[in-house]
Structure formats: C-alpha cells, structure tokens
1. Check the stretch 40-59 and report whether any residue there is of a type outside the set (Gly, Ala, Ser), touching an Asp or Glu at 6+ places or on another chain (Cβ under 8 Å), modelled with pLDDT under 95 and within 25 Å of VAL159 (Cβ to Cβ).
2. Mind checking which residues of the stretch 101-124 are within 21 Å of PHE158 (Cβ to Cβ) and in a strand (DSSP E or B)?
3. Looking at (1) of a type outside the set (Lys, Arg); (2) at positive phi; (3) not in a loop (DSSP other than H, G, I, E, B), can you tell me which one TYR81 breaks?
4. Which pairs have Cβ atoms under 7 Å, sit 6 or more apart or on different chains, and link a residue in the stretch 110-124 that is within 15 Å of VAL148 (Cα to Cα) and surrounded by 11 or more Cβ atoms within 10 Å (Cβ to Cβ) to one that is at pLDDT 95 or above and polar (S, T, N, Q)?
5. Go over the candidates LEU119, LEU147 one by one and state the one that is among the hydrophobic types (A, V, I, L, M, F, W, C), closer than 23 Å to THR57 by Cβ and at pLDDT 95 or above.
6. Give all pairs with beta carbons closer than 6 Å in which a residue from the stretch 135-160 that is under 16 Å from HIS95 (Cα atoms) meets a residue that is surrounded by fewer than 18 Cβ atoms within 10 Å (Cβ to Cβ) and of a type in the set (Asp, Glu); count only pairs at least 6 apart in sequence or on separate chains.
Amino acid sequence: MKTTHVARGRLSWGILLAVLLTGTLPSEGESQTTATSPDEPLAINLDEVAWGPPGNTPRFPQGVRTAQLGVDPDNGGPTYYALFPAGSHFDLHWHTHAEHVAVMSGEVTIVLGEETYSLSTGGYIVIPAKMNHSWDVPSGGADAVILVRRRGPADFNFVEP
C-alpha cells in the first residue's frame with residue numbers, strides 16, 4: 001500500500017484544520033469555541049457549538065464541519081468536534097498519534113485495521129497510532145457528530161488502494 005501524506009508538523013491546530021477541511025485560512029472574524037488556557041474552564045452544549053464552514057478538500061468528506069475545543073500545550077494534541085453529513089465517507093488513512101473518539105449523535109461505521117465497528121450515540125473507540133482506518137455515515141439517516149481527542153498534533157496520511 002502506498003501512503004499519501006497530507007499534513008504534519010506543529011502548525012497551529014486552528015490553521016491546520018481550516019486549511020485541511022476548507023483549503024483556506026480562517027477569516028479574522030470567525031468565532032472560535034476554544035479555551036484560551038488549559039487552566040480555564042470550558043463548558044459548552046452541543047447545540048451551542050460554533051461550527052466552521054463546510055469543507056470541500058479532496059479526500060476529506062464533503063461538507064464536514066469542525067469546531068476546535070482546545071489544544072494540549074504539552075503534546076499539541078487537539079480536542080474538537082466534527083460533524084459528518086449523512087452519507088459521507090472518509091477515505092482510508094492513519095495518524096501519527098492515537099485518537100480517542102466519542103460519538104455524540106448519529107451513527108458511524110469505522111473500519112479499523114481488519115475489523116468493522118458500528119457505533120451510535122454514546123459509542124467510544126480508541127484508534128491506535130498509525131492504524132489504517134476509514135469512516136462511513138449511513139445514507140438516509142442523521143448527520144453524525146463525534147468528539148475527537150488526539151495525543152499529538154493532527155496529521156492525515158491517506159493510504160492508496
């Protein structure tokens with residue numbers, strides 16, 4: 001299998017995510033849902049999330065939207081919500097760092113290595129570092145919202161079929 005590397009490094013998470021998902025930098029007036037310090041509390045309800053604009057970057061699900069919640073100052077790992085439209089697919093890829101995912105609403109099917117997992121609201125999965133995985137949100141159903149926490153900076157390494 002051939003791997004295509006999309007993004008890697010210690011760029012600002014907000015800038016990296018905006019570039020990856022929309023192909024553009026965030027506008028200056030764009031609202032953020034981010035704690036300014038790990039020592040400051042952050043409390044937010046899902047219906048109050050300030051979503052970024054829908055993404056249209058190749059290889060990423062069309063229409064996916066994200067909302068950054070924070071970045072761990074010790075390892076650069078982001079915490080964010082991602083909203084995947086019903087019927088969307090995320091191509092096979094892997095990350096340098098482990099990823100913890102909780103399904104906040106909707107349903108997702110995750111192919112993780114050789115196993116397939118169907119998760120619904122309240123579901124949780126740990127995706128080990130460098131493990132190939134892909135996502136599907138069922139067509140005809142609801143959009144899916146996931147909460148993601150990474151143990152290091154975000155990167156997306158796509159695997160060619």
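1. Within the stretch 40-59 (the criterion being of a type outside the set (Gly, Ala, Ser), touching an Asp or Glu at 6+ places or on another chain (Cβ under 8 Å), modelled with pLDDT under 95 and within 25 Å of VAL159 (Cβ to Cβ)), the answer is yes, since at least one residue qualifies.
2. VAL101, VAL108, THR109, ILE110, VAL111, LEU112, GLU115, THR116, TYR117
3. (2)
4. THR121/SER105
5. Exactly one residue qualifies, and that residue is LEU147.
6. As it stands, the answer is PHE158/ASP91, since those pairs meet every condition given.
The values are calculated or read from the model by the stated rules, or taken from the named source; none is laboratory data. Keep in mind that what you see is a predicted model, and the values were worked out from it rather than measured. Neighbour counts are summed over all protein chains in view; Cβ atoms, including those assigned to glycine, are modelled from backbone coordinates with ideal geometry.
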